[in-house]
Amino acid sequence: MPRERRDWGAGRTLLWMGGAFAAGCIPSGRLLTRALTGKTLEDIGDGKPGSSNVARSVGWKAGAAVLALDAGKAYAPATVARLSGAGHGAVAAIGIGAMLGHIAVVKGRGGASAIGAMCAIDPGAMAIASAELAGGLAVHRNPQSAAIAAVSLPFISLALHRRQPRRALGPLVVITVILAARIKGSPGAGWPSSSSALWRRFWLDRDD
């Protein structure tokens, strides 16, 4: 069991968040695509840096590697912090810091980083939500299953931790960030201008 430290405070949490943000800024998809093909994602795909586009443009093995790398950017610092004595709130903040780095700098949706963050913040809830994601993958409805998993995660966490309801706050913030990035769309797309466009962003993850 990780030992709880009384001296883990806000300053230390902010320092770790900065490190996690820097890790989130690493463009895994772009770097791996360049290493494997010598080309950019704009040359061979739609330019999006996420694992789904890499899988379509380079191959499923490369896509899986990007998924693991992007998830690891959030999972690794958050988990190391937990093992070092950070509490639930600090672990959540550190995982979210990595997500923000990916969204702000890499310009990705942050889905894989959110998975990594949730695996560190609440692995039980993420395990249940993974069944939803796997179901969507099986029937080729990835965007829809991701939306369902996102909405359900805070409720799953709350159900698992009924005696500690505050633990659901971390998943709630994670999902708020990821849905905001999804609804905002790709760089230059702008915020949706109608309810139908909003629905397409949320349910289908499409800019148009």
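The values are calculated or read from the model by the stated rules, or taken from the named source; none is laboratory data. The model shown is predicted, which means the values in this text are computed figures rather than measured ones. So basically every Cβ, Gly included, is an ideal-geometry build from the backbone, and we count neighbours across all protein chains shown.
Sort out which residues of the range 135-165 are of a type in the set (A, V, I, L, M) and over 19 Å from Phe202 (Cα atoms), and write them in order of number.
Restricting attention to the range 135-165, the residues satisfying the condition of being of a type in the set (A, V, I, L, M) are 137-139, 146-151, 153, 156, 158-160.
Across the range 135-165, the qualifying residues are Ala138, Ile156, Leu158, Ala159, Leu160.
For the range 42-87, name all the residues that are in a helix (DSSP H, G or I), over 21 Å from Cys119 (Cβ atoms) and among the small types (Gly, Ala, Ser).
Of everything in the range 42-87, those that are in a helix (DSSP H, G or I), over 21 Å from Cys119 (Cβ atoms) and among the small types (Gly, Ala, Ser) turn out to be Ser57, Ala62.
Can you give me the number of residues within the range 119-128 that are outside any loop (DSSP other than H, G, I, E, B) and closer than 20 Å to Leu69 by Cα? Write out each step before concluding.
To start, the set of residues in the range 119-128 that are outside any loop (DSSP other than H, G, I, E, B) comprises 119-121, 123-128.
Of the ones still in play, those that are also closer than 20 Å to Leu69 by Cα are 119-121, 123, 126-127.
Number of matching residues: 6.
Of the numbered conditions (1) polar (S, T, N, Q); (2) buried (at least 17 other Cβ atoms within 10 Å of the Cβ); (3) under 21 Å from Gly124 (Cα atoms), Asn53 satisfies every one except a single condition; which is it?
Of (1) polar (S, T, N, Q); (2) buried (at least 17 other Cβ atoms within 10 Å of the Cβ); (3) under 21 Å from Gly124 (Cα atoms), only one is false for Asn53: (3).
Given Arg109, Arg167, Arg162, which one is under 30 Å from Leu15 (Cα atoms), among the charged types (D, E, K, R), outside any helix (DSSP H, G or I) and modelled with pLDDT under 95?
On the way: Arg167 fails: outside any helix (DSSP H, G or I); Arg162 fails: under 30 Å from Leu15 (Cα atoms).
Of Arg109, Arg167, Arg162, the one residue that is under 30 Å from Leu15 (Cα atoms), among the charged types (D, E, K, R), outside any helix (DSSP H, G or I) and modelled with pLDDT under 95 is Arg109.
Conditions: (1) touching an Asp or Glu at 6+ places or on another chain (Cβ under 8 Å); (2) basic (Lys, Arg); (3) within 18 Å of Gly110 (Cα to Cα). Arg206 meets all but one. Number of the miss?
Single failed check for Arg206: (1).
Please give the number of the condition Arg141 fails out of (1) touching a residue at least 60 places away in the same chain (Cβ under 8 Å); (2) surrounded by 13 or more Cβ atoms within 10 Å (Cβ to Cβ); (3) farther than 21 Å from Tyr75 by Cα.
With respect to (1) touching a residue at least 60 places away in the same chain (Cβ under 8 Å); (2) surrounded by 13 or more Cβ atoms within 10 Å (Cβ to Cβ); (3) farther than 21 Å from Tyr75 by Cα, Arg141 is out only on (1).
Taking the options Val80, Val91, name whichever one is modelled with pLDDT of 95 or more and out of contact with any helix residue (DSSP H, G or I) (no Cβ under 7 Å at 6 or more places or on another chain).
Val80
Are any of the residues in the range 17-35 of a type in the set (A, V, I, L, M), in contact with a Gly (Cβ under 6 Å, 6 or more places away or on another chain) and either closer than 25 Å to Leu179 by Cα or part of a helix (DSSP H, G or I) (or both)?
Step one: list which residues in the range 17-35 are of a type in the set (A, V, I, L, M), which gives 17, 20, 22-23, 26, 31-32, 35.
Narrowing the set further to residues that are in contact with a Gly (Cβ under 6 Å, 6 or more places away or on another chain) leaves 17, 20.
Still in the list and also either closer than 25 Å to Leu179 by Cα or part of a helix (DSSP H, G or I) (or both): 17, 20.
For the range 17-35, residues of a type in the set (A, V, I, L, M), in contact with a Gly (Cβ under 6 Å, 6 or more places away or on another chain) and either closer than 25 Å to Leu179 by Cα or part of a helix (DSSP H, G or I) (or both): present.
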